[in-house]
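Working notes for the structure below.
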Amino acid sequence: MGVVEEIKARVNIVDLIGRYVVLKPAGKNYKARCPFHPDDTPSLMVSPEKGLWHCFGCGAGGDAISFLMRIERLSFQEAVAKLAQELGVELKGKGEGKSRLYQVNLEALRFFQRELRGPHGEKAREYLLSRGIGEVLWEKWGLGYAPPSWDGLLRALSRFGVQILLDLGFIVMGERGPYDRFRDRVIFPIRDDQGRVVAFAGRSFEGEPKYLNTPNTPVFTKGTVLYGLDLAKDAIRRKGRAVIVEGYTDVISLHSAGIEEAVASMGTSLTEDQARLLSRYTEEVVIAYDRDAAGEASSLRGMFILHGAGLRVRVASFPPEEDPDSFVRKSGRAAAEEVLAHAQPFPEFFLHALASRHDLSQMDGKEALLREARSFWPEIKSSVLKLAIVQGLSQLLGLPPEEVQEALRGVTRPVPKTAEKEPKACLTPEDLVVKFLLEGKVPEKLVPELLAEERRFSEAYREVVRRWAEQWAEGSHPNGAFLVSGLSPQAASRVSRLLLLDLKVVNETQALEEALTRFLYLPRLTERMEEVKLAMQDAEKRGDNEAVRRFTLEFQKLCRKRFELLRRR
Ligand SMILES: [Zn+2]
């Protein structure tokens, strides 16, 4: 067992949280007034059985480590160290032990590099070459390949012992013993700003998850590292700006083209740690995400975080359907520099991103836009930025600035007390499906079908479902505290909420069936009906009677199915 797992298994979450707040028993769980928001009614719930806590007032939640991080304002590593000391768990990350961990990471890197050049590495070599990443770059970026065998790395590094490989996330404990985490994947080593190898990312050739990463280890905490920063920091200082992209290959291609100030956030939600790290090197960042990803709520939040760390933020827009990697390879350095030079100031970009999602010719659309803008309001720290956004919205919506300000301020007041009450009433079908999935109550044969429809899940759940699927694919049935480590705070608190809700349903099978119907079956059917309808109209226009007949039959069949589904509910 790794240090973090051992802590999770041994810590008594009730004792820990009980040091900071008064806990009162409530059934199997405990309740307390939440220390993270003004709370008159006890909204904080703690489950000793699941090792999780959640506040139904402000929505914060997670495991023991995240509680300690939050209340003592510690980093993940500091919280782990503190708990390890209290529980007498030996921390191998200390002093001399830590340099050994870096050494093992380096040995693993060499193994992956050898494999890339070896007889099994052909597919990986072809993949890299097809993306314009030639041999010189393999060396510079330390690229490698994890062979498909279940114990390649395990055997190559066996002299270090199983425990250290577990601690560093290279192997996973299965029912039949330990096996390699990374199999048949192109390997991108992740180095910290000092150039030490702290973690690895493995890209699959097909199948999900596309990227598999090292979990949190004593030398690596997700969200504290920026990929490529070790090689980019001089250029960042020299040019006075950093370019933030999403992926590993974006960084590699931009550097190759001479845009050496590029780093990757490894996902679109930037963290405060990453912002602080960047602010040591520069005052300006240009975000260059795929166009779709840039406007998503999580990346907008990340941009507010950068802004909050005192950085000037601009957003570059590459043509639709292109990412920085493909663009720079196709169009060259000058064109890419041009796009970066025309990056939009963040407040402008933010307003455009909001406006593009709502129909502003309608009152409803305007209201929906204001509601969405309001959800970001608590994250905007700078009053200058607040003012700019109020003015922008006022122009955009044709409303007086005072009115806009009023509407936006709505939420900065403390969360209303009523938010506590029995929260089960507000569970959506999606909530239910995820809850059943995490609790292992979705029948095995339905799981692949559900995972294949990942796109239907909302953004914060997609991360949870993906994580669950990763662990499920590795043969474990993750739940409770073990599931939340390494998730973003938003996703972790969603999980703690779901798992701490007591449903009190009489017939779980029926409840699951109904949730699946509303979340998956009906929307899927409706989509198909739309498609068929369009195809039918098309066939009519062409005068293809045979096709019209076929589509009509299918449409009738779908209608009957829909009727049956609705009747069963
Ligand atoms: Zn709270």
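The values are calculated or read from the model by the stated rules, or taken from the named source; none is laboratory data. What you are looking at is a predicted structure, and each value in this text was computed from that prediction instead of being measured. Methodologically, a virtual Cβ is constructed for each residue, glycine included, from the backbone with ideal geometry; neighbour enumeration extends over all protein chains shown.
With 327, 346, 350 as the choices, which residue is closer than 30 Å to residue 276 by Cβ, free of Cβ contacts under 8 Å to residues at least 40 places away in the same chain, in the same structural domain as residue 272 (by TED's automatic domain parsing) and surrounded by 16 or more Cβ atoms within 10 Å (Cβ to Cβ)?
Values: 346 fails: free of Cβ contacts under 8 Å to residues at least 40 places away in the same chain; 350 fails: free of Cβ contacts under 8 Å to residues at least 40 places away in the same chain.
The conditions single out 327.
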Item to check | Candidates 442, 484, 433, 506, filtered to the one that is under 22 Å from residue 212 (Cβ atoms) and β-branched (Val, Ile, Thr) | outcome: 484
Item to check | Top-ranked residue in region 32-70 [being aliphatic (A, V, I, L, M) and within 22 Å of the chain's Cα centre (by Cα); ranked as nearest to residue 427 (Cα to Cα)] | outcome: 60
Item to check | Matching residues in region 56-72 - criterion: being free of Cβ contacts under 8 Å to residues at least 24 places away in the same chain and either of a type in the set (A, V, I, L, M) or within 15 Å of the ligand (Cβ to nearest atom) (or both) | outcome: 69
Item to check | The one condition in (1) closer than 30 Å to residue 179 by Cβ; (2) without any contact (Cβ under 8 Å) to a residue 12 or more places away in the chain that residue 106 fails to fulfil | outcome: (2)
Next on the checklist: Given the criteria at pLDDT 95 or above, in a helix (DSSP H, G or I) and assigned by TED's automatic domain parsing to the domain that holds residue 199, does residue 101 qualify?
Outcome noted: no
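Test residue 82 against the criterion of being more than 12 Å from the ligand (Cβ to nearest atom), in contact with an Asp or Glu (Cβ under 7 Å, 6 or more places away or on another chain) and outside the structural domain of residue 166 (by TED's automatic domain parsing), and give yes or no.
no
Condition check: assigned to a helix (DSSP H, G or I), surrounded by 22 or more Cβ atoms within 10 Å (Cβ to Cβ) and away from the ligand (no atom under 16 Å from the Cβ). Does residue 136 satisfy that?
On the way: assigned to a helix (DSSP H, G or I): yes; surrounded by 22 or more Cβ atoms within 10 Å (Cβ to Cβ): no; away from the ligand (no atom under 16 Å from the Cβ): yes.
Against the criterion (assigned to a helix (DSSP H, G or I), surrounded by 22 or more Cβ atoms within 10 Å (Cβ to Cβ) and away from the ligand (no atom under 16 Å from the Cβ)), residue 136 does not qualify.
Report yes if residue 511 is over 27 Å from residue 450 (Cβ atoms) and surrounded by 13 or more Cβ atoms within 10 Å (Cβ to Cβ), otherwise no.
On the way: over 27 Å from residue 450 (Cβ atoms): no; surrounded by 13 or more Cβ atoms within 10 Å (Cβ to Cβ): yes.
The answer is no for residue 511.
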Next on the checklist: Considering only region 361-369, I want to know if a residue exists there that is touching a Ser or Thr at 6+ places or on another chain (Cβ under 8 Å) and either in a helix (DSSP H, G or I) or of a type in the set (A, V, I, L, M, F, W, C) (or both).
Outcome noted: no
Item to check | Output for region 260-274, where each listed residue is at pLDDT 90 or above and surrounded by fewer than 23 Cβ atoms within 10 Å (Cβ to Cβ) | outcome: 260
Checklist entry - What do you reckon, is residue 539 closer than 25 Å to residue 455 by Cβ and either surrounded by 16 or more Cβ atoms within 10 Å (Cβ to Cβ) or among the aliphatic types (A, V, I, L, M) (or both)? => result no
Next on the checklist: If I ask for residues that are over 27 Å from residue 44 (Cβ atoms) and among the charged types (D, E, K, R), which ones from region 463-497 would you list?
Outcome noted: 466, 470, 474
Checklist entry - Just for region 38-50: of the residues that are surrounded by fewer than 24 Cβ atoms within 10 Å (Cβ to Cβ) and closer than 16 Å to residue 484 by Cβ, which one is modelled with the highest pLDDT? => result 47
Next on the checklist: Looking at residue 296 and the list (1) modelled with pLDDT of 90 or more; (2) surrounded by fewer than 22 Cβ atoms within 10 Å (Cβ to Cβ), which single condition is not satisfied?
Outcome noted: (1)
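Which count do you get for residues in region 298-333 that are over 30 Å from residue 280 (Cβ atoms) and either within 24 Å of the chain's Cα centre (by Cα) or of a type in the set (A, V, I, L, M) (or both)?
The first filter runs over region 298-333 and keeps only residues over 30 Å from residue 280 (Cβ atoms), leaving 319-322, 326, 329-332.
If we keep only those that are either within 24 Å of the chain's Cα centre (by Cα) or of a type in the set (A, V, I, L, M) (or both) too, we end up with 320-322, 326.
The number of residues fulfilling the criteria is 4.
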Checklist entry - Any idea which residue in region 299-316 is nearest to residue 226 (Cα to Cα), counting only those that are at pLDDT below 90 and among the small types (Gly, Ala, Ser)? => result 302
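For residues that are of a type in the set (Ser, Thr, Tyr) and either surrounded by 17 or more Cβ atoms within 10 Å (Cβ to Cβ) or in contact with a Ser or Thr (Cβ under 7 Å, 6 or more places away or on another chain) (or both), scanning just region 275-293, find the one that is nearest to residue 346 (Cα to Cα). If you could, list the steps in order and put the result at the bottom.
As a first pass, look at region 275-293 and keep what is of a type in the set (Ser, Thr, Tyr): 279, 281-282, 289.
Still in the list and also either surrounded by 17 or more Cβ atoms within 10 Å (Cβ to Cβ) or in contact with a Ser or Thr (Cβ under 7 Å, 6 or more places away or on another chain) (or both): 281-282, 289.
Details: 281: 20, 282: 17, 289: 13 Å.
Only one residue fits best here, namely 289.
Restricting attention to region 204-217, which residues are assigned to a strand (DSSP E or B) and without any contact (Cβ under 8 Å) to a residue 40 or more places away in the chain? Break it down stepwise before answering.
Here is the first cut: in region 204-217, the ones assigned to a strand (DSSP E or B) are 204, 211-213, 217.
204, 211 - these are the residues of region 204-217 that are assigned to a strand (DSSP E or B) and without any contact (Cβ under 8 Å) to a residue 40 or more places away in the chain.
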Checklist entry - Can you pull out the residues in region 386-442 that are surrounded by 14 or more Cβ atoms within 10 Å (Cβ to Cβ), modelled with pLDDT under 80 and among the hydrophobic types (A, V, I, L, M, F, W, C)? => result 411, 415, 419, 427
